[in-house]
Amino acid sequence: MVDHHYQPEELLLGEILVEQAGLSPKTLDSALAKQSQEGGLLGEILLAMKAITEDDLEKALAVQHDLPFAEELPHADDIEDDLIERLPISFAKHHTVLPLGRDQDTGRIRVALADPLAVDVLDDIAVMVGGSVDAVLAAPGKIVDAINKVYGRLRGGAELAEKEGEDEYGDAEELVDILDLTDEAPIIRWVNSILFQAIKERASDIHVEPGEQDVIVRYRIDGVLREHKRAHRNYLPSIIARIKIMAGLNIAEKRLPQDGRIRRKIAGKDIDMRVATVPTAAGERITIRLLDRSSVLLGLPDIGLAADTLAKIRHIIERPHGILLVTGPTGSGKTTTLYACLAEINSPELNILTVEDPVEYQLEGISQTQVNPKIDLTFASGLRAFLRHDPDVIMVGEIRDPETADIAITASLTGHFVFSTVHTNDAAGAITRLIDMGIEPFLVASSLVGLLAQRLVRRPCPDCATEVTPDVEVVRELGLEPDLFFAGGYQLPEVKGQRPVSSGKVLEVRGCPSCLNVGYSGRTAVYELLLVSDRVRQLTLQKADAGSIRSAGIDEGLVTLRMDGARKVMQGMTTPEEVLMVTAESES
């Protein structure tokens, strides 16, 4: 029951959320109790508890204050330039407001805002845009996204500049969104435009490559490289110098590879960029890896694990000691999986330490260390130091040498749980890799508890993918029995985010403007979890090859990468072509 000493308006908001958003009275009581103890707004507390969404809160506030609510905001191209030009982007972002357009009948201007009590802000907007305004409530996240798109369109991604004056570690003391600033230097505008567009198109990497006649810029989007733009070859030195200055690199050194880092705010997102240069026969080339620090980290249920695999993973990571290895090539999502595991077990009762290269995302409540070979802070030395800090759980970014492997195994055998990664094609290959490093088989057998191999596959675009009947040969290549497949006889485990297709059908991609005519949008993962059973331990002690270990795992119920991919094809989460392509090496 709700105590009646709380503020009436808060009670009303809670009651509206119970009625409209399906909030449970028990959760409301918990939030009100927390508010009584710690203070704060009820809506923000419920959002932090993940009991409601931003849309749920704004809908309830709209009812409470008798204001209209906008489920979706107009497209950026549909908002008048005149309104936007009169409202500075810094003001719009600070107050989370955006003019949406004029009412054709009354001439009044509709303004989206997140705070229904921001009357003074509406008065300021009325003065700026020169007209009467009407408030429309909308989710703050949607307003911020719309602000970035509208002002990005208005400036064409060209008027971009960044905050100069960084500390010795490359961190800007105060990050300023580069959309807020302008700079007339053509090279600066050109470089910043490729950064802005890369963020807009969800690119993970930017490649700046010297050609014979041109400088070629390519983006890697959903794992596939696509050419974005070109500039004349004469501009190469200026472009390279500009990126080097941003990354704090030596612009005079052109003969040796260099590594650096850029941190900027672009279109409202705090972006870390890892910059690597290398000399080639045609001139220096640069690769920039983009890390969105503001993106939400995924939990274990959200990374594409089937229900049966998810249950096994949860059982493994709750153990007090042992090693869980995640395997796969570079860019297969191993770090995301490790972070999801850490987020699952993170609690005040556990002391969790990580050593990474680099620290891609900061996890609250977890001590994270970044390796620095220049001062001899390596995976091995960091791991050795961690053992003096009474850890319960340790994450090592990668086991790449015998010393790191030896210390990780020692840690697991002395009462610690260790997460790490190894570059192998499948789960069984990680066992033979450790033995090849010189680790004694009995140490490998006694420390490992699970090995998870994974690959990323692209998701079909929801706007243009269509259902088709596949060829029998394709079904066989996926490892499925055609008669069972076409009869809909396979029982599929639940996977969060799946998009079921009809029995005997798969999705075929077409291409449309929303997916840049590629046919795919976003990625998910396919997994292969090998549990270290008594039989697998026995084969490890015998130094059996990876094929024998894998066959033993299959006999005990191992779902291989291709088998998991086939299940995701039947669930409409990817296409046969994607699964056959990414699992070809592991199946061979």
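The values are calculated or read from the model by the stated rules, or taken from the named source; none is laboratory data. Keep in mind it's a predicted model, so treat the numbers as computed, not measured. As a convention, Cβ positions derive from the backbone with ideal geometry for all residues, glycine included, and neighbour counts pool all protein chains shown. Just the protein is used for accessible areas: all its heavy atoms, side chains included, with ligands, DNA and RNA removed. Shrake-Rupley method; radii C 1.70, N 1.55, O 1.52, S 1.80 Å.
Side notes on the structure shown:
- Database note for the chain: Cys without another Cys beta carbon under 4.7 angstrom, Cys341.
- 1.4 Å probe accessible area per residue over the chain, in Å²: 47 Å²
- For the chain, the fraction of alpha-carbon pairs in successive 20 Å shells from zero, as %: 17, 45, 35, 4, 0
- Both radii come from the Cα set of the range 357-452: Rg as radius of gyration, Rh as Kirkwood radius; their ratio Rg/Rh reads 0.95.
- Taking trypsin sites (Lys or Arg not before Pro) across the range 291-368, the ones in a DSSP loop with at most 15 further Cβ atoms lying within 10 angstrom of their Cβ are Arg293.
- Euclidean distance of C-alpha centroids, the range 483-534 and the range 230-297, integer Å: 36 Å
- Nearest 10 degrees, 0 to 90: helix 54-65 Cα axis against the chain principal axis: 30 degrees
- Loop sites by DSSP among the GluC sites (Glu not before Pro) of the chain, restricted to those with at most 11 other Cβ atoms within 10 angstrom, leave 365-493 as the longest stretch without any of them.
- Partner lysines whose Cα lies under 24 Å from the Cα of Lys149, excluding those fewer than 8 positions away in the same chain, are identified as Lys59, Lys93, Lys163, Lys200, Lys229, Lys265, Lys269.
- Dipole axis of the range 492-588 (+1 Lys, Arg; -1 Asp, Glu on Cβ), positive-most option in Gly504, Leu516, Leu561: Leu516
- In the chain the longest region clear of chymotrypsin sites (Phe, Trp or Tyr not before Pro) that are loop-assigned by DSSP and have at most 15 other C-beta atoms within 10 Å covers 170-489.
- Carbon plus sulfur fraction of accessible area for the chain, probe 1.4 Å, in percent: 49 percent
- Distance from the alpha carbon centroid of the range 401-422 to that of the range 323-349 works out to 15 angstrom.
- Distance between the range 29-90 and the range 540-576 - C-alpha centres, whole angstrom: 45 Å
- Computed [θ] at 222 nm, deg cm²/dmol, the chain (DSSP H ≥ 4; -39,500 (n - 2.57); rounded to nearest 500): -11000 deg cm²/dmol
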